[in-house]
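Have a look at the structure below before the remarks.
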Amino acid sequence: MQNNFVETLVGAAVIAVATGFLAYGYSIADVGGTEGYRLTAEFDRVDGLTTGSDIRMSGIKVGTVVSQELNPQNYYARVTFRIRSDIKLPTDSSAKITSEGLLGGNYVSILPGGSEDYLENGEEIQFTQGSIDLIGLVGQAIFSAQDAP
């Protein structure tokens, strides 16, 4: 009988820890969705950017990537993202895809402009810079070093 009680306590502890991890994961992942407005931006490259990636200003998360698709007219990647409603972006703001580091993921970094007019729901950020192909740059550096006398 004593053995069943210990197994029940261990099982209850495992369930409590699992529930804690789920609650923490739910709060970090913004599964409920971020309230705010949608913006779009077109990039020549979106390597490493995924749905759910962060939108950051000054290193602070202010939104989330909602979707990505190919624009069939110009073959650029159109990224749709949601920005918190308390963040107002000037119309001349710029967006670039930045890496968290050599092994980290990519996110969209927003640099606010100086305009007195603000972007509204559904509008597009005009000034963009796509992701940088780090592997391609390393390969170019290696091959250019080999070609040097």
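A few remarks follow.
- Of all positions in segment 114-122, at least one carries a residue that is surrounded by 10 or more Cβ atoms within 10 Å (Cβ to Cβ), hydroxyl-bearing (Ser, Thr, Tyr) and closer than 19 Å to Arg38 by Cβ.
- Checking each residue in segment 128-141 for being loosely packed, with under 13 Cβ neighbours inside 10 Å and modelled with pLDDT of 85 or more picks out no residue at all.
- Considering residues of segment 123-135 that are out of contact with any Phe, Trp or Tyr (no Cβ under 8 Å at 6 or more places or on another chain) and part of a loop (DSSP other than H, G, I, E, B) only, the residue farthest from Ile87 (Cα to Cα): Asp133
- In segment 55-75, residue surrounded by the most Cβ atoms within 10 Å (Cβ to Cβ) [restricted to those that are in contact (Cβ under 8 Å) with a residue 12 or more places away in the chain and in contact with a Lys or Arg (Cβ under 8 Å, 6 or more places away or on another chain)]: Ile55
- Per-region count, segment 89-141, residues among the polar types (S, T, N, Q) and touching a helix residue (DSSP H, G or I) at 6+ places or on another chain (Cβ under 9 Å): 1
- Enumerated strands (runs of 3 or more DSSP E) restricted to segment 1-118, each holding at least 1 residues that are more than 22 Å from Ile132 (Cβ to Cβ), at pLDDT 90 or above and assigned by TED's automatic domain parsing to the domain that holds Gln129: 36-43, 60-70, 77-84
- Candidates Ile87, Ile110, Ile132: the one that is under 17 Å from the mean Cα position of the chain (by Cα), under 14 Å from Asp44 (Cβ atoms) and among the aliphatic types (A, V, I, L, M) is Ile132.
The values are calculated or read from the model by the stated rules, or taken from the named source; none is laboratory data. Because the structure is predicted, anything quoted here is derived from the model rather than measured. Every residue, glycine among them, receives a Cβ derived from its backbone with ideal geometry; neighbour counts consider all protein chains shown.
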